[in-house]
Amino acid sequence: MQIRFLGAAGEVTGSQHLCEGTVAGEARRFLVDCGLFQGGRDAREKNERPFAFDPASLDFVVLTHAHLDHSGLLPRLCAAGFSGPIYTTPATRELLKILLPDSAHLQQADRERAERRQAKGRWRGELPEVLYGQEEVQACLAQVRTFDYGLTFQPVPGILMRFHDAGHILGSAIAAIDVAVDQVSPPKTRRLVFSGDLGHAGCPLTPPPELVASADVLVIESTYGDRLHKTMDQTRDELVEVVGHTLRHGGNIVIPAFAVGRTQEVLLLLAQLVREKRLPHLNVFIDSPMATAVTQLTAHFRDALEEDAQEMLAWHEAHPEALRLKLVSDVEESKALNQIRGGAIIVSASGMCEGGRVLHHLVNNLPYRQNAVIITGFQAHGTTGRMLVEKARTVRLFGQEVPVNASVHTLGGLSAHADQGGLLAWLKGFAAAPGQVFVVHGEPEASARLAEVMHERLGWKHVALPERDVAYPC
Ligand SMILES: [Zn+2]
């Protein structure tokens, strides 16, 4: 077998891992994740270039979770000739039905905006390509096959697979893939484990990532491989401080949040704090049709949530006045929020402030000192969210420089990703060191630090930082 890391190698987005080899006497090839590159200057070029392999030659695809940096190129893969099954969990399929059509819609909107600017002579260079439309999305969704956590299934003879709960977002999975490498009897197998994105054990919404006892080859994420999150208690205290202070001073709070996961986690935390009487009753606007849909889906899949979260959901249903949720659907309603000068909490996508309705809210709220922005998730290099975190004095939105006078707060404890301690805790679940470990899905410093820590604390020797597009025998 060999693995080629075609994305998320030395960076955080674009997860795409190609596994190929002879399995039970047959040449086999499968892909784990097929994500969009996001943020940074060259993301567009990377998304637009042809696949590094013939999509029609894949036997199947494994999808660890629905986030677009893992799933967002799937419709393009199918349109380019892949016609086999895409294996994932049932909740991930439901999320894909929300996320992929939205991704197609955003691409179309970007293209049209660029065309309008070009017509006015205000666009230089190539227009952004629409990677796929709604038709391609529907065709791709029809190829999805689902299996619950813990069930073993056989995608092709000689390969057995199983999903474990990764605790990252609804439906997120660690994929354990047993590959029969030759035809001796009994067949010798190698276990490939792909962590996908691993959840934060302290996350109030999802359970901690499930431990896996053995692997011959481990591919692990390292988003926060060099950092420790603040504790959940610190995070709660900070949220009380920022929200309480801002509301007392007549300001608004804008929370750019990923529609999937972060939005629901923020709501849960706010509801808990109101319940504990640490915050007054709140008016919260969810200004993202997608976040609204995912919030409803989360309630539907409530059995998959952490027990406390299930209990909080029931409490909120009995006390809707404690957290008055207004689900903003149309654009006019969204624009009406611009008139609110204080007292509102606005949760809106996108989480890295790279598009979506949150941009309007930032334009309206950033210039005023009494307002606050709360950053809740990872912000990739080159994104507006990252600039806010790094205390930029102005940010460029809709072609204008917007002064940043509002206070900006980062709540690290709300991350959907395990921190270094969480990653180590999960790694300690292996009874023995995997024969080979590949550290992916991190900025170079984060991946390198995690690799070092694996040497130092676990004594693991075969830890590699793979380069993009290089084939590694395994
Ligand atoms: Zn993710």
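The values are calculated or read from the model by the stated rules, or taken from the named source; none is laboratory data. Only a predicted model underlies this, so the values are computations on that prediction, with no experimental measurement involved. A quick note on method: Cβ atoms are made from the backbone with ideal geometry, for glycine too, and the neighbour counts reach across all protein chains shown.
Out of curiosity, is Val32 within 16 Å of the ligand (Cβ to nearest atom) and either over 21 Å from Ile98 (Cβ atoms) or aromatic (Phe, Trp, Tyr) (or both)?
Values: within 16 Å of the ligand (Cβ to nearest atom): yes; either over 21 Å from Ile98 (Cβ atoms) or aromatic (Phe, Trp, Tyr) (or both): yes.
The answer is yes for Val32.
Can you say whether Val260 is more than 16 Å from the ligand (Cβ to nearest atom) and either surrounded by 13 or more Cβ atoms within 10 Å (Cβ to Cβ) or under 23 Å from Leu359 (Cα atoms) (or both), as far as the supplied structure shows? Spell out the reasoning first.
Values: more than 16 Å from the ligand (Cβ to nearest atom): no; either surrounded by 13 or more Cβ atoms within 10 Å (Cβ to Cβ) or under 23 Å from Leu359 (Cα atoms) (or both): yes.
When the stated conditions are applied, Val260 does not pass them.
Going by the structure shown, is Ala66 modelled with pLDDT of 95 or more and surrounded by fewer than 18 Cβ atoms within 10 Å (Cβ to Cβ)? Let's see the steps before the verdict.
On the way: modelled with pLDDT of 95 or more: yes; surrounded by fewer than 18 Cβ atoms within 10 Å (Cβ to Cβ): no.
Spelling it out, it is not the case that Ala66 is modelled with pLDDT of 95 or more and surrounded by fewer than 18 Cβ atoms within 10 Å (Cβ to Cβ).
For a quick check of your reading of the model, give me the residue pairs whose first member lies in region 131-142 and is within 18 Å of Asp110 (Cβ to Cβ), whose second is basic (Lys, Arg), with beta-carbon atoms closer than 7 Å and at least 6 apart or on different chains.
Leu131/Arg76; Tyr132/Arg76
Does Gly225 fit the bill of being buried (at least 17 other Cβ atoms within 10 Å of the Cβ), in contact with a His (Cβ under 8 Å, 6 or more places away or on another chain) and at pLDDT 95 or above?
Judged against the criteria, Gly225 is not a match.
Within region 194-207, track down each residue that is within 16 Å of Gly150 (Cβ to Cβ) and surrounded by fewer than 24 Cβ atoms within 10 Å (Cβ to Cβ).
Pro207
When you look at Asp233, is it within 22 Å of Val347 (Cα to Cα) and of a type in the set (Asp, Glu), yes or no?
yes
Taking Gln154, is it more than 20 Å from Lys46 (Cα to Cα), in a helix (DSSP H, G or I) and either polar (S, T, N, Q) or within 22 Å of the chain's Cα centre (by Cα) (or both)? Before you say what the answer is, go through the steps one by one.
Details: more than 20 Å from Lys46 (Cα to Cα): yes; in a helix (DSSP H, G or I): no; either polar (S, T, N, Q) or within 22 Å of the chain's Cα centre (by Cα) (or both): yes.
It is false that Gln154 is more than 20 Å from Lys46 (Cα to Cα), in a helix (DSSP H, G or I) and either polar (S, T, N, Q) or within 22 Å of the chain's Cα centre (by Cα) (or both).
Could you please find all residues in region 431-474 being of a type in the set (A, V, I, L, M, F, W, C), in a loop (DSSP other than H, G, I, E, B) and under 20 Å from Tyr224 (Cα atoms)?
Listed by number, the residues that qualify are Trp460, Leu465.
In the list Glu354, Glu332, which residue meets the criterion of being surrounded by fewer than 22 Cβ atoms within 10 Å (Cβ to Cβ) and within 16 Å of the ligand (Cβ to nearest atom)? So that I can check it myself, show each step before the final result.
Numbers: Glu332 fails: within 16 Å of the ligand (Cβ to nearest atom).
One residue alone meets the criteria, Glu354.
Identify all residues within region 154-174 that are away from the ligand (no atom under 16 Å from the Cβ) and either under 17 Å from Leu96 (Cα atoms) or of a type in the set (A, V, I, L, M, F, W, C) (or both); write none if there are none. Break it down stepwise before answering.
Step one: filter region 154-174 for residues away from the ligand (no atom under 16 Å from the Cβ), giving 154-162.
The answer is Val156, Ile159, Leu160, Met161.
Which of the residues belonging to region 51-70 are closer than 27 Å to Gln379 by Cα and more than 16 Å from the ligand (Cβ to nearest atom)? Outline the logic, then answer.
So the first thing to find is which residues in region 51-70 are closer than 27 Å to Gln379 by Cα, and the list is 51, 62-70.
Phe51 - this is the single residue of region 51-70 that is closer than 27 Å to Gln379 by Cα and more than 16 Å from the ligand (Cβ to nearest atom).
Is one or more of the residues making up region 109-120 in a helix (DSSP H, G or I) and under 24 Å from Pro55 (Cα atoms)? I'd like the intermediate steps shown before the answer.
Step one: list which residues in region 109-120 are in a helix (DSSP H, G or I), which gives 109-119.
When the remaining residues are screened for being under 24 Å from Pro55 (Cα atoms), the result is none.
No, because not a single residue in region 109-120 is in a helix (DSSP H, G or I) and under 24 Å from Pro55 (Cα atoms).
Do we find that Gly202 is away from the ligand (no atom under 16 Å from the Cβ), on the phi > 0 side of the Ramachandran plot and either out of contact with any Asp or Glu (no Cβ under 6 Å at 6 or more places or on another chain) or among the basic types (Lys, Arg) (or both) in this structure?
Working: away from the ligand (no atom under 16 Å from the Cβ): yes; on the phi > 0 side of the Ramachandran plot: no; either out of contact with any Asp or Glu (no Cβ under 6 Å at 6 or more places or on another chain) or among the basic types (Lys, Arg) (or both): yes.
No, not satisfied.
Please find, within region 392-446, the residue that is surrounded by the fewest Cβ atoms within 10 Å (Cβ to Cβ) out of those that are at positive phi and not aromatic (Phe, Trp, Tyr). If you could, list the steps in order and put the result at the bottom.
The first filter runs over region 392-446 and keeps only residues at positive phi, leaving 398-399, 441.
Those still in the list that are not aromatic (Phe, Trp, Tyr) too: 399, 441.
Working: Gly399: 7, His441: 31.
This residue is Gly399.
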